[in-house]
Amino acid sequence: MRARAPLSTADNALDPGPKSAAERPFAVVVAQAGAQILHGTDLLAAAAGLYPGMSLADARARLPSLVFAPADVAAEAAALRRLAAWCERWSPRIAMSQGPRGLDGFVLDATNLAHLFGGEAGLLTDLLARLRGLGVEARAAIADSAAAAWAGARFDVAALSPTGAIWPAGETGRQLAQLPIEALDLPANIVAELKILGVKTVRALQRLPRAELARRFGPEPGQALDAALGAAPEGFEPIIAPHPVRVRLRAEAPVISDAQIFAALEKGLARLQVRLTQKDLGARLLSLRFYRTDGALAETMLRLARPEREAAIFSRLARERLATPDCAAALGAGVDAGGFDLIELLVAESAPFDARQAAFAAPSAPIDPRDAGAALAQTLDARLGMDRAQGVVFFPEWLPEEASKRAGFAQSGPATLSPGAPGDPLLRPRPLFLLAAPEPIEAMAEAPDGPPWQFRWRRRLHRVARAEGPERLAPNWRTETAQRTRDYYRVETPEGRRFWVFRAGFYGDSPAPRWYLHGIGA
Amino acid sequence: MSALPGAHADLLAAAKGARKARARRALAAIAADAIAPLSAAADRRLGFGDPRLDEAWSQALCAGAVIETRPAAYDDLAASVGFAFALAGRARKARGGLILAVERQGGAFDIGGLDGAGLRSFGLDPAALMIVRARGEEALWACAQGLRAPGLAGVVALGLAEQLDLSAMRRLQRAARESGAILAWAAGPRAALFAPADARLCVAAAPCRAADPAALPVLLGARPSWRVRMTRLRAAAPVFEDLLVEWDHETLCFRLDAALADRSRPPLDARARPSLHRRQRA
């Protein structure tokens, strides 16, 4: 595997303190065990020999002109993740990488990709130049394994140059040997012990017999060496799941008008249709990504009610979506910031394409309401947001508030209720409106365990002309011990207004039973 | 006119001609913009299950109609919304397809949310119903999308837009006419009038049919009864008469029963009018 690890050091965008003169070295510091430790340095400070982990006192002794500010570790990590996601333009496989002081870089898997950018040197130069354009000073290295690239980016002096460090294939061992022992991803205590024994470089470690090493320090040093040399498999957790289908449109010059954006989109969607057809897939979730030239990423997702692959459908939905205020604002901001240089259409979720749907397009075919619904749900979701067109889903629960819920129309599915199931209106009529939570009422009943003959709800008095019930709904005794048994009554006022009230608890219980109103009937 | 110098008279005539042409264009535009009248042809009838009701309602309550239902009083809100859903259930039975319910974001009314099980009484099982919540413009847009979608029987709009603009209403009406889907506009007790509605119905709850309490159980709620009065009928004089109708959830039909007439309550319009007038003045 050829991998490279750009290590972002001091990101200007995050610097909270003033960087008085651009020419002065700069570092961010964290407090650790009572001491101020360098958390990150810019290239100037790094060139002067300062490195993360050094104490601030040492650093200032060596470089009195050093400017420093406290580090915001969480914000830096978040910014780094955003930056890593943006780097998807070079490789789809990206993993965050840990340094001794937390997240401090990321690894791109560049296997078989470098030729797209004019070779490894071209790729690295392009990457560094674009990052510099964003105001990010980064160190980068490309090597045979992720661990070697990690070491190269952090400890090879060449990584500081604008072209980055490139370790030619097969030379990892030789390059690694020159680096200090910290270049291997080892626990701090092992590094410290090794150094006490005089093992200060990787070369010195390589010379030690493996068996001795393992007996003295455990398996870690051997494993770290193997990982760096590519002799052992490495764990790689991509931050972005692999996508089966994607289309990328690189613009020669930044795209700066809506017309250009839509033209590019149409082109990409047509290509997407071809790809989906080749794989016999339909898209269920489509991500439209607009990479801004200034490094930001505008993204929006289109949820499809069923797997689709027609460019015309995608195009209609995309236009609908991009016209919404949020998307229009994001696109406008992108245009103001210099435009977009890459548009990516990415199928985030796919499913086998159902050939039956193709027939739906034929005007003579009878329309299945469910299909018509799916098409409508898609249109509504595209403008209003994901899963906003909803359907009702029933659950085999007796408590009315649990018995039916709303879900995205695609998930709601056809009716699955069998006659006599809780929601069957022929068996147990339910009110048209159900209050989100039952509201307490003051009720007066003729008999303690009978229906009320009048009640007050929301300060209005209702007389009961007739009542039916009770319908006794008991809570699930295994899970809901706090709930009381409910006796529901359907009651009607002399005017014909229908309510659904219940008494929680039994007469003679302590605490006394209470009356609630739960629904209003048509 | 004759006193004017020749050139001046020509100018005036030309100006008049231009004005006439402009007026003619405007008239043509209005004619083109006009919405087709409702057709109560046999294939566009919803059929209510009772010949007397068919006679009373078919003129306005047919495919492609915009029907506004409005509660006679605040406490009749659920009844009025239920009646709108019953109309939708009827449309679905007559024409097949889906019903779209568009609710105001954050809950249409203050009497809770629509219950999936309760809606089944109106023939709207989960396969037949889509519910969308949206606010303002977006809600009206969702209604229009629903009316234009193929395979939709109708749209029920719940508590939408306190202030309505006329062109949006006409767009909705045109969409309904073109597709044949009905738009049941269930307004709140104090909402603005849906100006171009083909029919406006004032709905109140009515006591259940079984007059004899010994005849229980009658499944209260499964067979809702309403007292309905048409207060507006487009292009015809409305039948100013309270109709007592009952919904049969098994056959998805309305039943009309004159014997149900309940004389103990004041007529509907007496209670409905003040609130409408108040709104118009405001």
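The values are calculated or read from the model by the stated rules, or taken from the named source; none is laboratory data. Fair warning: this is a prediction, and the values are worked out from it, not measured in the lab. Backbone-built Cβ (ideal geometry, glycine too); neighbour counts: all protein chains shown. These accessible areas exclude ligands, DNA and RNA; they are computed on the full protein's heavy atoms, side chains included. Shrake-Rupley method; radii C 1.70, N 1.55, O 1.52, S 1.80 Å.
Extending each Cα 7 Å along its Cβ direction at A:E402 and B:D43, get the distance between those two points in nm, one decimal.
In this crude spin-label approximation the distance works out to 5.1 nm.
How far is helix A:311-322 tilted off the main Cα axis of chain A, in degrees rounded to 10, range 0 to 90?
90
Per residue of segment B:109-117, what does 6.51 cos²θ - 1.76 cosθ + 1.60 with θ = phi - 60° give for ³J(HN,Hα)? Whole Hz please, x for Gly and Pro, Karplus curve as stated.
Computed from phi, the couplings for segment B:109-117 are 10, 8, 10, x, x, 4, 9, x, 6 Hz.
Where does the longest stretch of chain A lie that holds no trypsin sites (Lys or Arg not before Pro) found in a DSSP loop with 15 or fewer other Cβ atoms within 10 Å?
The longest such stretch corresponds to A:201-457.
Helix A:73-86 sits at what angle to the longest principal axis of chain A, using alpha carbons and giving 0 to 90 degrees rounded to 10?
90
Is there a quick way to get the dipole size of segment A:245-358? I mean about its Cα centre, with the Cβ of Lys and Arg at +1 and of Asp and Glu at -1; what is the value in debye to the nearest 20?
With Lys and Arg at +1 and Asp and Glu at -1, about 460 debye.
A:L285 to A:T485: FRET efficiency via 1/(1 + (r/R0)^6), r the Cβ-Cβ distance, R0 51 Å, to the nearest 0.05?
Given R0 = 51 Å and the Cβ-Cβ separation, E is 0.70.
What net charge do the residues around A:V202 carry, taking every other residue with its C-beta under 11 Å from that of A:V202, with Lys and Arg at +1 and Asp and Glu at -1?
Local net charge: +3.
Can you give me the accessible area per residue for chain A, using a 1.4 Å probe, in Å²?
46
In whole percent, how big is the carbon plus sulfur part of the accessible area of segment A:176-276, probe 1.4 Å, protein atoms only?
Ligands and nucleic acids excluded, carbon and sulfur give 55 percent.
Using modelled amide H (1.01 Å from N, peptide plane; none on Pro or chain starts), what sits under 5 Å from the amide H of B:L129, excluding residues fewer than 5 places away?
Placed amide hydrogens put B:I99 under 5 Å from B:L129.
Relative contact order for chain A: what is it in percent, counting Cα pairs under 8 Å that are at least 6 residues apart?
Reported as a whole number, the value is 9 percent.
If you take the beta carbon distance between B:R190 and A:A77 as r and set R0 to 56 Å, what does 1/(1 + (r/R0)^6) give as a FRET efficiency, to the nearest 0.05?
0.60
Taking 8 Å as the Cα distance limit and 6 or more residues as the minimum spacing, I'd like the relative contact order of segment A:433-521 as a percentage.
After rounding, I find 28 percent.
Within 10 Å of each candidate Cβ there may be at most 12 other Cβ atoms; applying that plus a DSSP loop requirement, which GluC sites (Glu not before Pro) in segment A:17-122 survive?
A:E23
Hey, rough spin-label estimate for A:A270 and A:R174, points 7 angstrom out along Cα→Cβ, what's it come to in nanometres?
Once both label points are built, they end up 5.1 nm from each other.
For A:V392, what charge total do you get from the other residues with a beta carbon under 10 Å from its beta carbon, if Lys and Arg give +1 and Asp and Glu give -1?
+1
Name the residue farthest towards the positive end of the dipole of segment A:433-521 from the options A:V491, A:P451, A:G505, assuming +1 on Cβ of Lys and Arg, -1 on Cβ of Asp and Glu, about the Cα centre.
Of the candidates, A:V491 comes out farthest on the positive side.
Treating the angle as unsigned and between 0 and 90°, give the value, to the nearest 10°, between the Cα long axis of helix A:325-336 and the longest Cα principal axis of chain A.
Its long axis makes an angle of about 20 degrees.
How many angstrom lie between the C-alpha centres of segment A:487-517 and segment A:430-474?
3
Residues in segment A:149-176 near a label at A:A121, defined as backbone nitrogen under 14 Å from the 7 Å Cα→Cβ point?
A:162-169
Using a probe radius of 1.4 Å on protein heavy atoms only, what is the accessible area buried between chains A and B, both sides summed, to the nearest 100 Å²?
Summed over both sides, the interface buries about 5100 Å².
Lys/Arg Cβ at +1, Asp/Glu Cβ at -1, dipole of segment A:245-358 taken about the Cα centre: which of A:V274, A:A264, A:P352 is farthest positive-ward?
A:P352
At A:D294 and A:A214, where each label point lies 7 Å from the Cα along Cα→Cβ, what is the point-to-point distance in nanometres?
5.6
Let me have the relative contact order for segment A:245-358, percent, based on Cα pairs under 8 Å that are six or more residues apart.
43
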